[in-house]
């Protein structure tokens, strides 16, 4: 447990440190955020909504949001990746955990973005509270759930003891 904790802290510092470097922010995170905004716009349009996207700004009639850091799912994904990489598991399982974890976090984050845009139109007074408290808690629970599901899929370690007869 102690090894996992120290590894978790070390990997977390490394991943978050890299993610906040200006070149990474400008050349990886910002384009990713713009792409996430486009994906949210396409999801709204697929269900018949009227939507406009410009960079990281998503607009529907009556409300606009700008998707910023902490709203793009990057930090939540890095938290999940930190846990997966710190856990002593075969690399094949870690790589699957990284990929499927990214997809899971981003799927929930897309739902979050779309729901918040519509909430901004229907109940603007609720937007701030739901954005910062409800959805933040749900995203963190999503990270925990994905990690726990990933743990269940890991092979059991070979036992060094023979069962007592």
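A few points about this structure:
- Only one of the listed residues (82, 59) is part of a strand (DSSP E or B) and either closer than 18 Å to residue 15 by Cα or in contact with a strand residue (DSSP E or B) (Cβ under 6 Å, 6 or more places away or on another chain) (or both). That residue is 59.
- Test: residue in segment 49-62 that is surrounded by fewer than 18 Cβ atoms within 10 Å (Cβ to Cβ), in contact with a helix residue (DSSP H, G or I) (Cβ under 6 Å, 6 or more places away or on another chain), under 30 Å from residue 121 (Cβ atoms) and in contact (Cβ under 8 Å) with a residue 60 or more places away in the chain: no
- Matching residues in segment 79-101 - criterion: being surrounded by fewer than 19 Cβ atoms within 10 Å (Cβ to Cβ), within 28 Å of residue 44 (Cα to Cα) and either touching a helix residue (DSSP H, G or I) at 6+ places or on another chain (Cβ under 9 Å) or in contact (Cβ under 8 Å) with a residue 40 or more places away in the chain (or both): 98, 100
- Residue that is over 15 Å from the mean Cα position of the chain (by Cα) and closer than 25 Å to residue 6 by Cβ, where the choices are 91, 81, 52: 91
- Of residues in segment 65-77 being in contact (Cβ under 8 Å) with a residue 24 or more places away in the chain and outside any loop (DSSP other than H, G, I, E, B), the one nearest to residue 114 (Cα to Cα): 65
- Meets criteria (within 22 Å of residue 105 (Cβ to Cβ), out of contact with any helix residue (DSSP H, G or I) (no Cβ under 8 Å at 6 or more places or on another chain), surrounded by fewer than 16 Cβ atoms within 10 Å (Cβ to Cβ) and at pLDDT 95 or above) for residue 45: no
- Among residues of segment 36-52, those that are touching a strand residue (DSSP E or B) at 6+ places or on another chain (Cβ under 6 Å) and more than 14 Å from residue 118 (Cβ to Cβ), counted: 3
- Residue within segment 63-74 that is under 20 Å from residue 149 (Cβ atoms) and crowded, with 16+ Cβ neighbours inside 10 Å present: yes
- Which numbered condition residue 50 fails, given (1) part of a loop (DSSP other than H, G, I, E, B); (2) at pLDDT 95 or above; (3) closer than 18 Å to residue 8 by Cα: (3)
The values are calculated or read from the model by the stated rules, or taken from the named source; none is laboratory data. Computed from a prediction, not measured in an experiment: that's the story for all the values here. Here Cβ is always computed from backbone atoms with ideal geometry, including for glycine, and neighbour counts include all displayed protein chains.
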